[in-house]
Every structure is written in structure tokens, then in C-alpha cells.
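Written out below as C-alpha cells is the structure these notes cover.
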Amino acid sequence: MSDKAISHDYLNGLVFELEKAFWDERGRGCRFRMMEVGRGIYENDCKDRIPGPEIPAIVQVVKAVLLEKGIVGDVSYAQEDLTLRISVQGCLHLPVEERMLAKGIEPFTCVPANLIIMGIEDKLNRQVELAEIKCENGVCQLLLVVFDRPASVV
Amino acid sequence: MSDTFTLAEATLKAIQDRRSIREYSPEPVSDEDLDLILEAARQAPSGENAQPWRFIVVKDEATRKKLGDISGGGSGRRFTAEFMTKKMQQRFATLEDEAKKKAAYEKLTSGAVSMFAATAPVNIIVIGRKDVWDLPFDTSAAIENILLMVTALGLGACWVIAPCIDVRDEIRLRKLLNIPDEYKAVSLISIGHPTRPHRPRPRLALKDIVFDESFGNPYYKE
């Protein structure tokens, strides 16, 4: 197997084609099937580092992990009641979203959002919905809604 | 005196009389009726005759309550997202009655619209083997057969995607019902005796949905 480094363009090109294929198959319904994307990163790199059941701690750990891995440039957030507005700057996968938008398809999946959601579901036992992803000028604005319902129903 | 129908007339009547019923009387669904419903399901077509469908019949009260919780959670989340991003308001823009609008928002964002699995006397969870080519199409054919037989029996049912559409809710459902990974949880069908008649929902006219030989040429002329 070659030791040659693989370019981001190559990887993001494949991710775009996979996402596009999924969109073509499921349309607006595909976003509901993407919520486990990033599970491996959460379980292996985030879960045990989160010190407690607080949203700030969860966001800080996810931010740190994504920065360490070179996935994002920065992550910030603002919380108002049960809504979380998260800004992700310089995401490695932004070119995928830009290609989707060029096709007239709203972004429907986000790894940073998924990791934060997994943290809230795991540490606070609360259900969360990724309500919106907007990508403009190199920044992704994510809207998360936290619910009073327990994540663990069974 | 009962009406007499040809087979075609009876079939069309079942199709046209089918409604999505979410309110049920406490009367149970008989074993005889359930047998007919499941027989209708297994007679559906499937690619390569793979018959990938399997059916989990749930009557236990505690399990039905959990099905309702999973369904309500999923629906509540999705519809709240629609409300927060103003999409729901666009959907109801033509509804002028503010009280009805508010009630609709509440029913949707709370998830109440999908919690009736808890009160349905029986729920059938439709799952399908993943190692086939046509899983979603095959299982949907079986589901429609279920709905038509339910209608023919004078019962009511609702096809509920709420506990399965979000992968996280499907994981919850799998855990609740011990569904192996080789199977996908496709939908839940709630069944019971309807409490009241329901009006038909509007349908697009045939002239707007059928094309002649290729897309765009109306098959049915004005």
C-alpha cells in the first residue's frame, strides 16, 4: 500500500459524490439517516474526555478534538434557552457543502454538529435536533434544538 | 340490503376508502382479522420474489407506550426544527384561522401527532432483510396491502415512519424489539377500530401527474 498522502480534494470529491448519491436516493429524507456519521470519532476521541454533563464542556472537547485533527479552524457557540447556535469556521469539508449548494441542495449533514449532539445525548440524556445548516463565506452556522425528552427511551 | 361490487369495483372502493386513522376505540383487533391482514402483506410482490419482509406484532401495553414515545420524540424533533426555521409557518400560510394554526403547531412540535401507537390495540412493525436489492420497495408493497386489507375489514390504520426515519430512533426501536442488524426497521402500522369517519385528503388530478411517452406531455388532455 502506498504511503503517499491523499489530497483533501480527492477525499472531499468522494464525499460529495456519496452525499449526492444519497440525496438522489432519499431527497430531503436523507438528513435523518446521517446522525450517526462521526460516531467513531465521538466514541474513540471525545466521549471519555468530556468531564461532565454540561453543554459548554461538550462543545469545548469537540472543538479541541476537531482542532487537533485539523478538521476545523474554530468552533464557537451561543446558547439561548434550548437552542444552540454554533459557528464552525474553516471546516475541512466546506468544499463538499459548496458543491452541494451549487447543485441547489441544502447541506444536510455536519460532523461537528453530530459530535456535539452525540455528547448531549450521551452526557445529558437529552434528545437534540439539527434544525439548520447554513454555509456562507467560509463559516457554517448550525442551529441545534435541545429537548426535554430523554435520549434513552428504552 | 348490501351493495354488490365487481372485483374491480370492490378493489377500487378499498383503495378510495382508505384513510390514515390515528384514533381508535378500545375494542381489540380480532385474531381472524389480524390473520387476514398478515396474509395480505405476505402476498405482496417483491424483487426476485425475495420476500424480505418480516412483521413484529405488538399488543403489549408497555411496549406500545414506548413505541408511542419513540414516534413522538422523532416527530416532535423534526417538526420543531421545521417551526424554528419557519418552514412550518410557510406550510400553514394559507390557514387563516389562527386558533387552528396554533393547535396544529402544538400538535406537530409536541410530537403528539405521532404518539397514537400507544393507544392502538395492535401495531405491526415492518422490517426487511437488507441483503436484497429492493428492500424499500418490497416492504412498501407489503405495507400497502396491509392498509387495503385493514380498510376492507372496516378497521383503520396509519402508516407511521416516525419511529424509523431518523437513524437514532431506528436504533431505539431495534433495541426495544430486538431487531438484528441484518434487518432494517421500515415502518410501524397502527391498527384498530376507528372512532369516527374521516374525510378524504385532497389528491392531485390525473391530468397533472400522468405523461404520455415522456415527461412533460400530458396523457390526459384538458
Members of segment A:134-154 found to be surrounded by fewer than 19 Cβ atoms within 10 Å (Cβ to Cβ), closer than 21 Å to A:LEU94 by Cβ and touching a strand residue (DSSP E or B) at 6+ places or on another chain (Cβ under 8 Å), listed by number: A:LYS134, A:GLY138, A:VAL139, A:GLN141, A:LEU143
When (1) surrounded by fewer than 18 Cβ atoms within 10 Å (Cβ to Cβ); (2) within 24 Å of A:ASP45 (Cα to Cα); (3) within 13 Å of chain B (Cβ to nearest Cβ) are applied to A:GLY90, the one that fails is (3)
Out of the residues in segment A:1-26 that are within 19 Å of A:GLY104 (Cβ to Cβ) and either charged (D, E, K, R) or at pLDDT below 95 (or both), which is surrounded by the most Cβ atoms within 10 Å (Cβ to Cβ)? A:GLU19
Among the residues of segment B:206-220, is any buried (at least 16 other Cβ atoms within 10 Å of the Cβ) and modelled with pLDDT of 95 or more? no
Can you tell me which residues in segment B:156-182 are crowded, with 18+ Cβ neighbours inside 10 Å, within 13 Å of B:ILE56 (Cβ to Cβ) and either touching a Lys or Arg at 6+ places or on another chain (Cβ under 6 Å) or among the polar types (S, T, N, Q) (or both)? B:LEU176
Within segment B:175-198, can you find the residues that are at the interface with chain A (Cβ under 9 Å from one of its Cβ atoms) and without any contact (Cβ under 8 Å) to a residue 12 or more places away in the chain? B:LYS175
Take the conditions surrounded by fewer than 22 Cβ atoms within 10 Å (Cβ to Cβ), within 30 Å of B:ASP3 (Cβ to Cβ), touching a residue at least 24 places away in the same chain (Cβ under 8 Å) and of a type in the set (A, V, I, L, M) and apply them to B:ALA141. Does it pass? yes
Going by the conditions given, is B:GLY128 within 14 Å of chain A (Cβ to nearest Cβ), at pLDDT 95 or above, surrounded by 15 or more Cβ atoms within 10 Å (Cβ to Cβ) and within 20 Å of the chain's Cα centre (by Cα)? no
Matching option when the condition is within 14 Å of another protein chain (Cβ to nearest Cβ), touching a Ser or Thr at 6+ places or on another chain (Cβ under 9 Å) and within 22 Å of B:VAL167 (Cα to Cα), among B:THR85, B:THR139, B:THR80, B:THR63: B:THR80
So which strands (runs of 3 or more DSSP E) stay within segment B:108-202 end to end and still have 3 or more residues that are touching an Asp or Glu at 6+ places or on another chain (Cβ under 8 Å) and under 19 Å from A:ARG26 (Cα atoms)? none
When the residues of segment B:12-54 are narrowed to those that are among the polar types (S, T, N, Q), touching a residue at least 60 places away in the same chain (Cβ under 8 Å) and over 26 Å from B:SER114 (Cα atoms), which ends up surrounded by the most Cβ atoms within 10 Å (Cβ to Cβ)? B:SER46
Looking at the structure I just gave you, is B:LEU12 modelled with pLDDT of 95 or more and under 17 Å from B:ALA142 (Cβ atoms)? no
Segment B:37-60, residues that are within 14 Å of chain A (Cβ to nearest Cβ) and assigned to a strand (DSSP E or B): B:VAL58
Return a yes/no flag: does segment A:108-130 have any residue that is out of contact with any strand residue (DSSP E or B) (no Cβ under 6 Å at 6 or more places or on another chain), of a type in the set (Asp, Glu) and surrounded by fewer than 17 Cβ atoms within 10 Å (Cβ to Cβ). no
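The values are calculated or read from the model by the stated rules, or taken from the named source; none is laboratory data. The shown structure was predicted, so the numbers you read here are calculated from the model rather than taken from an experiment. Using ideal geometry, Cβ is built from the backbone for each residue, glycine included, and neighbour counts are taken over all protein chains shown.
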